[in-house]
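The values are calculated or read from the model by the stated rules, or taken from the named source; none is laboratory data. Predicted model only: the values in this text are computed from it and were never measured. No Cβ is skipped: glycine too gets one built from the backbone with ideal geometry, and neighbour counts run over all protein chains shown.
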Amino acid sequence: MKNTSKEDIREIKIDKIRPNYRLIYEETAILALCDDILCNGLQEPIVVERVGNWFRIVDGERRWRACKKLGLLKVKVRIIEDTGE
């Protein structure tokens, strides 16, 4: 089976990221993530896909929300793009 995506890991401005509109999430879980990110940093990049001039979250919306709540200006992301193979 061929890998049909290309990955790129980098740090981007948090305001260039849009949620995937997960409707249900617990505020206590977001606050716990805030504490963890403060103590340990963002351990796993947020997975996003490029949509024009911005990025849509594929995986990691709670991490993104926690980073926004902490006031971070940039976050590490893994950008995935379909290569069409």
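List every residue pair whose Cβ atoms lie under 6 Å apart, where the two residues are 6 or more positions apart in sequence or sit on different chains, the first residue falls within region 62-79 and is surrounded by fewer than 17 Cβ atoms within 10 Å (Cβ to Cβ), and the second residue, located anywhere, is modelled with pLDDT of 95 or more and among the basic types (Lys, Arg).
Going by the 6 Å Cβ cut-off, the qualifying pairs are Lys74/Lys13.
Here are Leu42, Leu38: which of them is over 16 Å from Pro19 (Cβ atoms), within 14 Å of the chain's Cα centre (by Cα) and aliphatic (A, V, I, L, M)? Write out each step before concluding.
Working: Leu38 fails: within 14 Å of the chain's Cα centre (by Cα).
Going through Leu42, Leu38 in turn, the sole match is Leu42.
Being over 19 Å from Tyr25 (Cα atoms) and among the hydrophobic types (A, V, I, L, M, F, W, C) is the filter; apply it to region 49-61 and report the residue that is surrounded by the most Cβ atoms within 10 Å (Cβ to Cβ).
Residues of region 49-61 over 19 Å from Tyr25 (Cα atoms): 49-55.
Going one step further and asking which of them are among the hydrophobic types (A, V, I, L, M, F, W, C), we end up with 51, 54-55.
Numbers: Val51: 9, Trp54: 13, Phe55: 19.
Applying the filter and picking the extreme gives Phe55.
Tell me the residue from Trp54, Trp64 that is under 13 Å from Asp15 (Cβ atoms) and touching a Lys or Arg at 6+ places or on another chain (Cβ under 6 Å), please.
Of the residues listed, the single one that is under 13 Å from Asp15 (Cβ atoms) and touching a Lys or Arg at 6+ places or on another chain (Cβ under 6 Å) is Trp54.
Working only within region 1-45, note down all residues that are among the aromatic types (Phe, Trp, Tyr) and either surrounded by 10 or more Cβ atoms within 10 Å (Cβ to Cβ) or modelled with pLDDT of 95 or more (or both).
Matches in region 1-45: Tyr25 only.
Condition check ((1) outside any loop (DSSP other than H, G, I, E, B); (2) closer than 19 Å to Asp8 by Cβ) across all residues:
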position	(1), (2)
Asp36	yes, no
Leu42	no, yes
Arg50	yes, yes
Val58	yes, yes
